[in-house]
Structures are given as C-alpha cells and as structure tokens.
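See below for the structure under consideration.
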Amino acid sequence: MQSSWNDYEDEEAAMAAPALSGAGGPNRISAKGPRIFGDITTNRLWTFRVLMHDELAPNEQLAIVGNCESLGNWQHAGAVLMQKDDTSKTKKKEEKLYADNDDAHDADDDVEDEEEEAENNLWSADVYIPRHCSTEFRYMICTVDSSTGDIFIRRWETHLKPRLIQELDDPKANNMDIFGSFNGQYKVDRGWLTKETLVQLKFFYAPFTWKQRMKRRHVHVKVTPMNLRIPSHGNNGDISTLEDSLSNDTHDTKETLNGGNGENGAVFSEVVTLSPDECTLRQQEQFGSLCGPNDLVIFHLTVNDLENTAYLIDLYTYSSRVAKEDGPPLHVGYHYVLPNLMKRSEGNLELPITCAKGHRPLGMMRLGYLIVKPSATASNLMDMSVSYSRYWNNKWTGLDVGHRGSGTSFKAKDAVIRENTITSLKNAAEHGADMVEFDVQLSKDLVPVVYHDFMIYVSLKSKCSMQEHDFLALPMRELSLEQLKKLKVYHTAEGLSRETRSFHNDDMVEHQPFPQLADVMDALDIHVGFNIEIKWSQRLQDGRMEEEFEHVVDRNLYIDCILDVVMRKAGTRRIVLSCFDPDICTMLRFKQNRYPVMFLTLGTTTKYEKYMDPRGNSMELAVWHAVAMQLLGIVAHTEDLLRDPSQVNLAKERGLVLFCWGDDNNSKDTIKLLKELGLHAIIYDKMDVLTSKEVKQSVFHLQAKDSQKELLKLQALETGHVWHTSANGSEEQQA
C-alpha cells in the first residue's frame, strides 16, 4: 500500500493557499444536465470522466468538487453528482459471439472485455467551468440523504495538490481520470462528519456470559441500524413494527438502514477487527464477525437520525461439527439497543441476550459505545481544498520536539522556566525545536488552557505564608479561567512535597501557568510546529481513574471547544493532535478534515500503570487502531521501543508516522539512536542542552525560506533579471 505521508516538492505553495474558501455552493446537488453559473460566454463546457476501480455500495456515487462556483467553491454541499455511463457493449458482444465463434477472435474479445469493464465503471458529468482561468477539482464518493438532500462524504481524494484544468486545455480532449490515482499516487481518505453521526460499538475479548453451556463455540456478531421513526399517517411507505422485522438470517425490511438497503441510503454499517489482516473498515458479512476471546471488534455505524435509530445485535455460532463453509450458522440470540440507553457520548452497556427461538433470557453481553457528533463550528471552517490529516513530508525525519516547551520543570531541580508556559514554548523554539509539545484541557468555563496535570493545589491561608496542611487539592477543571489566573495555585509536586518552587520572572504574563490555547497560537512564530496533546483522564486497569473524579464534561463538547480554537487560530501552522485515549483520537479524526491525529501509547512498561482499554497497552494494537481509524501515526513510549526496536518497522510498514516520548529521551545518545532507527520525531526536555542542531531554526522555517528563495528566482527569470550566488553562498537578484 502506498505510504500516506508522501513528499511533495511544492508543499509550501499548497500551504500558502487560502485555507478557507468563500461562499459555499448550492444547498442541493444537481444530478441532471450541465451546471451553469454566470454568463455562458465566460464559461466553457467541460466533460469530467473518471474510471472507478473501487467497489461502491448501492447508495454510493461519485461527485466533483472544485474551486469555482459551478463546482461548489470547495464546499461539499455544492458538489456536482456524476452519472454512471450506460454501455451497450455487452449486448453487442453477445450478438457477435452468436454470429462468429471463430477462435481467431479470442484476443480481440479479451480487449473488448477490458473495454467493457472500463465503461461499466465509468462516471461522467458535464459542467460549465470558467473559461479564462484554471480550475482545480477533486473527486469524491458520497451518498445523499433522500429526505433532506444532505450529502455525506464517504471517501475523497486527498492529494496535497488537487487536479487541475489549465486555461488552454482542450475541452474536446477525451480525458479520463482514475479515481484516487493522480501524479502516480493513490491517495483516498474517508470523509469527516458533516451532519451525520458516528456510533461505534466495541466488543472486546468475547464479552458474553451464558446461562447454558455453549460448548466453547465462538460467537459471530452482526449489528444492524434500525429505524424507529413512525411515519406520518397516510404515508405510502408505511414501516412495519420492529417485532415484524426479526428474521433468522437477514433483516431486509424497510426499517433496516444498512448500506442503502432501506428507504434512507445515508446509513452505513461497517466493522473492523484489530488484527494484522483485518484492521481496515469493511462491510459486514451476512452472519457477522467473529468476536472470540482474543478479538477486539469495533462496529462502525454511520447514521443520520441518532435519536430514532436503534441497533439490532444478532449473535450467531457455527456448530463444532460443521465447518463454516458447509452451511449457515445457528442464530443464537439477539438484543435491541435503544437510543435512550446511550445517554452520554461514551459508556459501557450490560445487555441481556434473548434466545432467538424461545425468546427467553439466554445470557448477558458487555460492550462499550462511542458517539461522535459533527462539530458545528469546525464544520463551518472546513472545506475540501486541502487536507493534511495523513500528510507527512518524507524530508521530516528525526524532528526535535520540545516537551512541554523547554521541559518538565517540576522533576528537574535546575529548571528555571515553568513548563507549559508561553516563555517555555518560545525558549524551545529559539533553540531550534521543530515542534513544541504541550498539553491542553478545559477550565470550568470551557476555555482551552495549556496545563499538564489534572489536579492543582491552592493555599488556604495566603499567597505568602505556607505551612504544612495549608494546601487544598482541587481538580483543575473545577476552576474558571479567571480563577486560574487570579488565584495563587501550586503544582501537584509542590502540593505533595510542601516545597514551593520559584522560576525566573515568575510574575510576568508569559511566564504564568494556564495560558489560553488561543494566546499560544498568537504568541509563537507561525513556522514552529505544534504537537497538541488533548488531556483526558484514563481508567486504569484496576478500575480507578487517572484523575480521582469522573468526567463531567461530555466528550463531544470537550473536543469541540478545543477544535474551535485550533480551526480559527492555526492558519498555516503545522499541527499534530494527539491523545492517550483511543476514542478521543477517533473523535479528532472524524470531526475535522484538516489536521493529523496521532495515538499516544504506553506499550509494554514498568514505569506506569496500564490502562483498562487495551489499545494503548501494546504497540501492535496501537498500530492496528491507527490504521483502522486512518490516523497519521503513533506516539510510542521510548521505554517500549528500546525494549524491542523492531517495533519501529511494525509502524512504518503500515505507512504510519512514528513519534516517541518518555524520560529515556533526555539523553543525547538515546536521541541519536532513535534518529538512526528512523523515528520521525523525538519529544524531549531541555532543547537548549540536548539538541545537536547547528542552525537553531525549525525545519518548517528553513523549508519556507527555501520555497521563498525559489519563488524569487522564478520572479527574477520572469522579469529578465539574473539570480546570482555569491562566494559566501548567499543568493541575490542582480539587474
């Protein structure tokens, strides 16, 4: 498979392009006839033709979106639907076979077979595009909600540079594109949530208990979205009751919403197993997927009406005496998961299993769920002009990333700059950090602030007088931004040791803790990359939370508040989002289409307690989860990499980008070893001491200067000037 972080020479030019388009296109998609905007004399009719090799669901179709009004101004809602070309070649070929059976025609017939296959998968659309300028465009696979006309983006081309029609290109040329393939690369990513909702049901390690013995048979699970909406009186498309829909093998009644088999084709039911051979999303099989004792299975359900969709869980098993290939399985039991059971964005359900034949209680099953809703604010700031969600320039290797800026300040006694402050981040950048890593969480009034620990301490007496038992521990999220700024707060290390720390210029604004994410965006040079870690308390293996208290802010709201600031303030800055919570990573991936997401992992470790969710406790599971959810890569724990360096290849062979974190990184020798292993970035403390860079500038700054230099050269050539390289290596324009 093609790596998802290919290099492009003109990346700076793409980055310089406007991130946001102008007014959106039409609210509805036109599927009939050429689309015309403005005076026809200023436009030209262009026939788009694309060959589709990927398999499409019955309700999926191709569409075009681009940078002109007739192509939606990069807004998915204004895309042009394409039509699949009809062909009569099959009929002609049958007539020819009856008329002439000469073997001499076999070779010609083979050629015709290929031509026929191509035409049967050919999609086209006629669109009037601007005549006196170039037109950029992309193809996408979409589905349309038949009741509202809303478009859902299933998959789309995400090459850094879009396809291009030059001003002088001939409209009559018989151009035919291949979906996903452009400039010798295949680059297609899944879409993001616009108005639909993603529901994931997680079956980890055969979570079933039975009243009667199952003879150790493995259970296969199938999940089918079911429509609960009762149609208005007189509707010709009356929907039968849920009880009438239950069948032994399949559920093909009108309330079944799977993949377009029902009335509404905007619902999809897919599944992924976190294993080396099945870690990509796929359509469900007729009798479901195996959920054995060693399996981690995630059902990936896209629905457009969350409040009126239930989920029918069917359980099947094959007889130990009959192979799977020899016949259908036994329908063991079922359960309907009603939407009111899922009260929050995430949780766990313990559900009864009803016998499929006797309809009596048969056992119990335990599963986790995740609900990912579209981000209204972020959606308004996104378009289809460009995506960096799985982009990584292959020149970006061995990057130096400043941990919490200039390092963890409460572990090292000699630290003079407080961690996760604007000063700390700037100091790392000044000493050559390519990126700075910092932690973001929400204050009580939902403002994203930069701070690492979940708990803080406040003094009960005064800011100046401190004695034993003067401190009160509080969750950081229980204080508003104003309180965090005004109160004298102490770090967890200070509260536990009763020993306060002082740092240089501690009273100055940029040295203060809890800077707002928005202020950090404004304060640092645009060429300094950001690795933004989203803080979210994890449940540990023994059931305790990392933070003493349960979450009070809903996951969707939490992520939306952070994404809102990132999308509004980031501009052209290189940003990577990361989190230790795999479900937060999934949410970050499907809520936006612009920035890459990386999964932070513990792996095999002796230094930290393991998490209850197994996906972060091993490199293999982390890699399979990243592949399944189309994340950019993994942020691995260096302790685990040093234990088994071959794990670097495990990630890179899957086309993933690999960062690493951990105290082991605070050594020049370890940093050198990790770079030799081919890691893309190393996160470490004390950038001013440990970096080996001679030029103290980020790789992105140097790359921008090189691109600017190339642009000046081009301008010099266009104006008839000479570009001169001096003896000292500097370059300048001469008259």
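Observations on the structure shown:
- At the residue level, HIS76 shows approximately 40 square angstrom of accessible surface with a 1.4 angstrom probe and all protein chains present.
- Between VAL188 and THR158, the built amide H atoms are under 5 Å apart, and every one of these is 5 or more places off in sequence or on another chain.
- LEU341 exposes around 70 Å² of accessible area when a 1.4 Å probe is run over every protein chain in place.
- Between SER480 and GLU710, the simple spin-label model (points 7 angstrom out along Cα→Cβ) gives 5.1 nm.
- By average C-beta atoms within 10 angstrom, highest first, the peptides 644-653, 122-131, 399-408: 399-408, 122-131, 644-653
- Shape call, segment 434-585: gyration tensor on alpha carbons, a/c limit 1.5: oblate
- Accessible area per residue for segment 516-641, computed on protein heavy atoms with a 1.4 Å probe, is 28 Å².
- Exposure of HIS701 as accessible area (Å², to 10), given a probe of 1.4 Å and all protein chains: 50 Å²
- Dipole axis of segment 377-417 (+1 Lys, Arg; -1 Asp, Glu on Cβ), positive-most option in MET382, THR397, PHE410: PHE410
- Evaluated with a Cβ-only charge set (Lys, Arg +1; Asp, Glu -1), segment 321-401 carries a dipole of roughly 300 debye about its Cα centre, given to the nearest 20.
- Fraction of antiparallel bridges per DSSP, segment 529-656 only, in percent to nearest 5: 15 percent
- Segment 539-580, dipole about Cα centre (Lys/Arg Cβ +1, Asp/Glu Cβ -1), debye to the nearest 20: 460 debye
- Taken about its Cα centre, segment 583-669 carries a charge dipole of about 420 debye when Lys and Arg each add +1 at the Cβ and Asp and Glu each add -1 at the Cβ.
- When the alpha carbon gyration tensor of segment 368-459 is reduced to an equivalent ellipsoid, the three semi-axes, largest first, read 29, 23, 12 Å.
- Charge tally in the Cβ shell below 9 Å around SER134, where Lys, Arg are +1 and Asp, Glu are -1, SER134 excluded: -3
- Considering all different alpha carbon pairs of segment 606-654, the Kirkwood hydrodynamic radius works out to 11.3 Å.
- Taking the convex hull of the alpha carbon positions in segment 653-692 and averaging its projected area over all directions gives 2.9 nm².
The values are calculated or read from the model by the stated rules, or taken from the named source; none is laboratory data. What you see is a predicted model, and the numbers here were worked out from it, not measured in a lab. FYI the Cβ positions are ideal-geometry reconstructions off the backbone, even for glycines, and counts take in every protein chain you see. Calculation scope for accessible area: heavy atoms of the full protein, side chains included, ligands and nucleic acids excluded. Shrake-Rupley method; radii C 1.70, N 1.55, O 1.52, S 1.80 Å.
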